[in-house]
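Presented below is the structure to which this report refers.
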Amino acid sequence: MDENPAFKVGDQLILQGSDFSELIVRLKAAAYRVVGPMVRDGCIVFDEISGVEDLPAGFGDNQDAATYRLRQCDDMALFGYNNGPQSVKRFLYTPQREIWKARRNRKTVSIHLPDTEPVKTAFLGVRPCDLNAVLIQDRVFTRGEYLDDDYNKRRENSLIIVVNCTEAGKTCFCSSMNTGPRATAGFDLALTEILHADHHYFLLEVGSDRGLSIVAGMPCDHASDQQLRTAAESVTRAADNMGRSIDASGLKELLIRNIDNVYWDSVGHRCLTCANCTMVCPTCFCSTVEDTTDLTGNTAHRIRRWDSCFTMDFSYIHGGSVRPSAKARYRQWIIHKLASWHEQFGTSGCVGCGRCITWCPVGIDITEEARAIRQRDIRPAEVSETMEV
Amino acid sequence: MTPVPFMVKKVQRDTADTFTIVLTDVERVTGMTFAPGQFNMLYVFGAGEIPVSISGDPTSTKKLIHTVRVVGTVSRALRRLRVGDFVGVRGPFGTAWPVQKGESNDVVLVAGGIGLAPIRPALYYLLANRKKYGKITLLYGARTPSDILYRTELEQWRARFDLEVEVTVDHGDDTWWGNVGVVPTLIPRAPFDPLNTIAMTCGPEVMMRFTVMALRKRGVNTDDIYVSMERNMKCAIGLCGHCQFGGKFVCKDGPVFRYDTVAHLFNKREV
């Protein structure tokens, strides 16, 4: 083995399974808080990990519409599971955050911003769909006329280590959305886990200078053609085994012209408007603010927290909610996600992670609903133009 | 974005459920420059924050004026404020009425209820630059005679020879000798040249829907009609998602929209 290999961005290296802990050690040495997958509350969650022993070795899962069960596998793969309920969204765009505090002193009021600086964080085990979700939220929060400062700072202080998928879940459809199962750009490091009976190793791709600084000097070899082929085959196998698919062609136009489709009533009857889909979605970005005052009445806090278009409050204006029916709220969500997102941010809002399918308590399936609309498509000529008088 | 401290200069009752609040900037003497049609987020300490259209004169910025209808916690708290009290202001936000585009054309303003408040800055602007415009018409509808907003000012405007003002009420009473009926009924006989007119309308969605229909019937082009939309606004900077109207964020792509850009959503329910 080359003792001091000169790696560069774009290199494809081999990291032995036995050396994996070295990666975490180096991240910590570079002052990163390491956030990775672990088993908690019967599912895979992201949280701060102290070492490789926290990773969900030997765990897999069974997922389907409205179903999620962890299971023990007979292999010891570190990343042998599919996405759990939460993505890394909660670390970049936090579920709840104080945005300012106001203090009253007689008639004057002063506003104070929180002075918290985000910690440097390395996200280990981000799936390609979730990486794409982060890139989509980058567009939402950092590319517009106004910037979300907190998100931007957290993002600047983040390092993303993707784990490509070699197995697809039953609710996965990233190949339809072009976001996986292999990450092609936007990561700092990308891993593909290869597990043979006698050999456990990772293909390690260097995606950025920041990623390079972590792997520089690590005990890695350049990958052989055979190893590259094996990794590519594993990823292709995942692509071939996608549990779900969605026909993305012309989806935006399809949904927009079908805003009056009677089929929405059918979803409206099933949807509980529980907001689970929006809470697990890695791209959903809606928030609200809450103002609270302390008992003295002299300090007021403004908290921003995640919100969902499935609540009545969401569209409330004096006199009532703009979207009182479940049908209208589901329609708003799916049309936003798959259609108007393009208009707003130049990309789909869906990455095909399948969480909204898995975590919907009644198993409403975004791919099925889109398919149902396509089957009942109101052709352009049939669209009423009642306003054109 | 954090609220900038303003101070209450005056709170004036307009009708039973509306009032006009005049604010001055605590830190800057210049006040706030804004374009007619834009709105601010007003924060009352401890109560919360609401979006309110600016209803004052865009050509004089020292006083910041909003007209508010009392409908909830924050608007009620705003009404209770006294001279010298604090109001936090974020803004101004959103798109403006196309007053420049209206130059050398006729301009027709159609307002319903409190919708007259966001229209008023446009009218101030038009009157301040009166020579640049053709005929200017204000059509205003209120529920009852006692709901008529800016009554004194409307009477003054009606007395002018360079401005046509028509007011109608949904329900008259024994003091009322004017028009009775909804505001779109005033459009067929309003004095404007349909092909050289810029129309601006603000009011309840159903009122704007019929206003657009009546304007279209007169032959006004869809790209010469402007509507001001209302949706729930929390952040006012296009990040919180609440105010979505199809693919538009009402807070930053609106509230003023050229009608043809939202026509496909305009007659849909629960969008």
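Just so it is clear, none of the values below were taken in a lab; they were calculated from the coordinates. All of these numbers come straight from a predicted model, not from anything done at the bench. All Cβ positions, glycine included, derive from the backbone under ideal geometry; neighbour counts span all protein chains shown.
List of remarks:
- Some residue of segment B:125-135 being in contact (Cβ under 8 Å) with a residue 24 or more places away in the chain, loosely packed, with under 13 Cβ neighbours inside 10 Å, outside any helix (DSSP H, G or I) and not aromatic (F, W, Y): no
- The strands (runs of 3 or more DSSP E) falling completely within segment B:1-111 that include 3 or more residues that are farther than 26 Å from A:I111 by Cα map to B:4-15.
- Identity of the residue in segment B:217-251, surrounded by fewer than 19 Cβ atoms within 10 Å (Cβ to Cβ) and not in a loop (DSSP other than H, G, I, E, B), that ends up nearest to the other protein chains (Cβ to nearest Cβ): B:K217
- Out of A:F314, A:F345, sole residue that is within 13 Å of chain B (Cβ to nearest Cβ) and closer than 30 Å to A:R104 by Cα: A:F314
- In segment A:169-186, the residues that are among the aliphatic types (A, V, I, L, M) and crowded, with 24+ Cβ neighbours inside 10 Å: A:A183
- Only residues that are in a helix (DSSP H, G or I) and under 27 Å from A:N178 (Cα atoms) were counted across segment A:211-229, and they come to 7.
- Residue ID - nearest to B:F19 (Cα to Cα), chosen from residues in segment B:69-87 that are small (G, A, S) and under 21 Å from the mean Cα position of the chain (by Cα): B:S75
- Checking each residue in segment A:230-264 for being farther than 20 Å from A:G169 by Cβ, assigned to a loop (DSSP other than H, G, I, E, B) and β-branched (V, I, T) picks out A:I259, A:V262.
- Residues located in segment A:131-155, provided they are more than 12 Å from chain B (Cβ to nearest Cβ), out of contact with any Phe, Trp or Tyr (no Cβ under 9 Å at 6 or more places or on another chain) and not small (G, A, S): A:N132, A:L135, A:K153
- Within segment B:252-271, tally of residues that are in contact (Cβ under 8 Å) with a residue 40 or more places away in the chain, facing chain A (nearest Cβ under 10 Å) and either touching a strand residue (DSSP E or B) at 6+ places or on another chain (Cβ under 7 Å) or not in a helix (DSSP H, G or I) (or both): 4
- Test result for B:A190, within 28 Å of B:P98 (Cα to Cα), over 18 Å from the mean Cα position of the chain (by Cα) and free of Cβ contacts under 8 Å to residues at least 12 places away in the same chain: no
- Condition check for A:V267: assigned to a helix (DSSP H, G or I) and closer than 28 Å to A:A122 by Cα: no
- Filter pass, B:V206 being within 26 Å of B:R13 (Cβ to Cβ) and either in a strand (DSSP E or B) or not small (G, A, S) (or both): no
- Subset of segment A:225-239 (residues that are in contact (Cβ under 8 Å) with a residue 40 or more places away in the chain, surrounded by fewer than 16 Cβ atoms within 10 Å (Cβ to Cβ) and of a type outside the set (A, V, I, L, M)): A:R237
- Residues satisfying the stated conditions in segment B:14-51, i.e. surrounded by fewer than 16 Cβ atoms within 10 Å (Cβ to Cβ), within 21 Å of B:Y124 (Cα to Cα) and within 22 Å of the chain's Cα centre (by Cα): B:T33
- Residue count, segment A:41-64 (criterion: out of contact with any Gly (no Cβ under 9 Å at 6 or more places or on another chain) and free of Cβ contacts under 8 Å to residues at least 24 places away in the same chain): 3
Here is a yes/no grid of residues against (1) farther than 30 Å from A:V109 by Cβ; (2) surrounded by fewer than 16 Cβ atoms within 10 Å (Cβ to Cβ); (3) of a type in the set (D, E); (4) away from chain B (no Cβ under 11 Å):
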site	(1), (2), (3), (4)
A:A300	no, no, no, no
A:D307	no, no, yes, no
A:S321	yes, no, no, no
A:W359	yes, no, no, yes
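- For segment B:21-47, residues that are closer than 11 Å to B:T67 by Cα and free of Cβ contacts under 8 Å to residues at least 60 places away in the same chain total 1.
- Search result, residues across segment A:260-272 that are buried (at least 21 other Cβ atoms within 10 Å of the Cβ) and either within 13 Å of chain B (Cβ to nearest Cβ) or among the basic types (K, R) (or both): A:W264
- Residue satisfying condition, being within 14 Å of another protein chain (Cβ to nearest Cβ), over 13 Å from B:A117 (Cβ atoms) and out of contact with any Pro (no Cβ under 7 Å at 6 or more places or on another chain), within set B:R82, B:R90: B:R82
- Where A:S175 falls short, out of the listed (1) touching a residue at least 12 places away in the same chain (Cβ under 8 Å); (2) part of a loop (DSSP other than H, G, I, E, B): (2)
- Unmet criterion (only one of (1) within 8 Å of chain B (Cβ to nearest Cβ); (2) under 20 Å from the mean Cα position of the chain (by Cα); (3) in contact (Cβ under 8 Å) with a residue 40 or more places away in the chain; (4) farther than 24 Å from A:R127 by Cα) for A:A339: (4)
- Those residues of segment A:287-298 which are within 7 Å of chain B (Cβ to nearest Cβ) and surrounded by 15 or more Cβ atoms within 10 Å (Cβ to Cβ), in sequence order: A:S287, A:T288, A:V289, A:D291, A:T293
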